[in-house]
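Here is the structure we will look at, set down as structure tokens.
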Amino acid sequence: MKTISYDKFKNTVKELTIAAIYDLDEEVVESLKLASKKEEDLSKIILDEIIENAKIARERRIPICQDTGIVVVFLEIGNLVFCNFSIEKAINEAVKEAYVEEYFRMSVVGSPITRKNTFTNTPCIIHTKIVEGDSLKITVCPKGAGSENLSALKMLTPSVGKEGIIDFVIDTVINAGGKVCPPMIVGVGIGGNFEECALISKKALLRPISDQSNDEEALELEKTIFEKINNLNIGPMGVGGKTTCLAVKVNLAPCHIASLPVAVNFQCHASRHKEAIL
Ligand code: SF4
């Protein structure tokens, strides 16, 4: 049994939140640099500015983007981990401290109807999974609205097959166009049920750009959809070009014989997520 203290947990969430907002992952930066080599004119200028922006953000501790997002937290809690406090309260306190102390934009309203800002950037959205072991994995993902608002889920009929899945993903990308601040990362969830499908599409965005699915069907879809998206000529920030997406990640889940849920969750170039294992 491992005991994790409130301070250790809360401070880790706070540090991850701040790091995610200032430090774009090196892997994303490298992917943007590779893309820049393939582009010319305005699309190249935009990619180079995105790369420069990430450098300035890291060096001067300025948010990568003004939309510092609503914070999504994924927890994998070992069954041998003991926390003598409310994990939910600790996460919200950590995020509140991070946003207040660093002057990040407060982007959360307490009710979708009355729409009053909570001025703490909380509550966060928390997904918890109990796993075997004595460690606790925390992934913090501040998610902007632009890429989230154009995301979509559809309950397809199984008869549409792979072609129907690809068509839905491509139509969703075309509809999103430049509004999701491309180059984007596209998380695709296929299977599960309504809510599971959305969740696996979001989890797909946490996979490293270099990560390839170990499922043959998913891998083939990742390659096919990646190529089709980059042939759409949407390009960086929608100005046209070869680079509309940096990666496509497909996650599969078992589902009902009569269902084929497909979810597309977009991640803009400000791909912010950090993780730690306690
Ligand atoms: S989509 Fe991303 S880069 Fe564009 S405004 Fe939103 S958070 Fe910022």
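The table below gives the values:
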item: Filter pass, residue 236 being over 22 Å from residue 141 (Cα atoms), in contact with a Leu (Cβ under 6 Å, 6 or more places away or on another chain) and not small (Gly, Ala, Ser); result: yes
item: Residues satisfying the stated conditions in the range 185-218, i.e. farther than 22 Å from residue 156 by Cβ and under 16 Å from the mean Cα position of the chain (by Cα); result: 185, 206, 207, 208, 209, 210, 211
item: Cβ-Cβ under 6 Å pairs, at least 6 apart or on other chains, the range 160-179 side more than 11 Å from residue 232 (Cα to Cα), far side at pLDDT 95 or above and open to solvent by 60 Å² or more (accessible area, probe 1.4 Å); result: 168/154; 178/237
item: Which numbered condition residue 209 misses (of (1) open to solvent by less than 30 Å² (accessible area, probe 1.4 Å); (2) assigned to a loop (DSSP other than H, G, I, E, B); (3) among the aliphatic types (A, V, I, L, M)); result: (1)
item: Total residues in the range 31-66, condition of a type outside the set (D, E, K, R), open to solvent by 30 Å² or more (accessible area, probe 1.4 Å) and away from the ligand (no atom under 16 Å from the Cβ); result: 3
item: In the range 107-162, the residues that are over 17 Å from residue 206 (Cα atoms), more than 16 Å from the ligand (Cβ to nearest atom) and among the hydroxyl-bearing types (Ser, Thr, Tyr); result: 111, 114, 118, 120, 122, 135, 157, 159
item: Some residue of the range 201-223 being among the small types (Gly, Ala, Ser) and either touching a Pro at 6+ places or on another chain (Cβ under 9 Å) or within 14 Å of the ligand (Cβ to nearest atom) (or both); result: no
item: Near pairs, Cβ below 6 angstrom, 6+ apart or cross-chain, from the range 208-228 (in the same structural domain as residue 249 (by TED's automatic domain parsing)) to any residue that is part of a loop (DSSP other than H, G, I, E, B) and surrounded by fewer than 17 Cβ atoms within 10 Å (Cβ to Cβ); result: 219/212
item: So residue 185, is it within 16 Å of the ligand (Cβ to nearest atom), among the β-branched types (Val, Ile, Thr) and open to solvent by less than 50 Å² (accessible area, probe 1.4 Å); result: yes
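Okay, residues lined up against (1) farther than 25 Å from residue 270 by Cβ; (2) among the polar types (S, T, N, Q); (3) crowded, with 16+ Cβ neighbours inside 10 Å; (4) not assigned by TED's automatic domain parsing to the domain that holds residue 222:
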{"site": "83", "(1), (2), (3), (4)": "yes, no, yes, yes"}
{"site": "87", "(1), (2), (3), (4)": "yes, no, yes, yes"}
{"site": "100", "(1), (2), (3), (4)": "no, no, no, yes"}
{"site": "111", "(1), (2), (3), (4)": "yes, yes, no, yes"}
{"site": "121", "(1), (2), (3), (4)": "no, yes, yes, yes"}
{"site": "132", "(1), (2), (3), (4)": "yes, no, no, yes"}
{"site": "137", "(1), (2), (3), (4)": "no, no, yes, yes"}
{"site": "176", "(1), (2), (3), (4)": "no, no, yes, no"}
{"site": "180", "(1), (2), (3), (4)": "no, no, yes, no"}
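Here is a yes/no grid of residues against (1) under 26 Å from residue 207 (Cβ atoms); (2) in contact with a helix residue (DSSP H, G or I) (Cβ under 6 Å, 6 or more places away or on another chain); (3) aromatic (Phe, Trp, Tyr):
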residue	(1), (2), (3)
14	yes, yes, no
27	yes, no, no
41	no, no, no
86	no, no, no
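Here is a yes/no grid of residues against (1) more than 23 Å from residue 258 (Cα to Cα); (2) part of a helix (DSSP H, G or I):
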{"site": "163", "(1), (2)": "no, yes"}
{"site": "179", "(1), (2)": "yes, yes"}
{"site": "189", "(1), (2)": "no, no"}
{"site": "196", "(1), (2)": "no, yes"}
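The values are calculated or read from the model by the stated rules, or taken from the named source; none is laboratory data. Just so we're clear, the structure is a prediction, and the values are computed from it rather than from any experiment. Note that we place each Cβ from the backbone using ideal geometry, even for glycine, and neighbour counts take in every protein chain shown. Just so you know, the surface numbers come from the protein's heavy atoms only, side chains and all, with ligands and any DNA or RNA stripped out. Shrake-Rupley method; radii C 1.70, N 1.55, O 1.52, S 1.80 Å.
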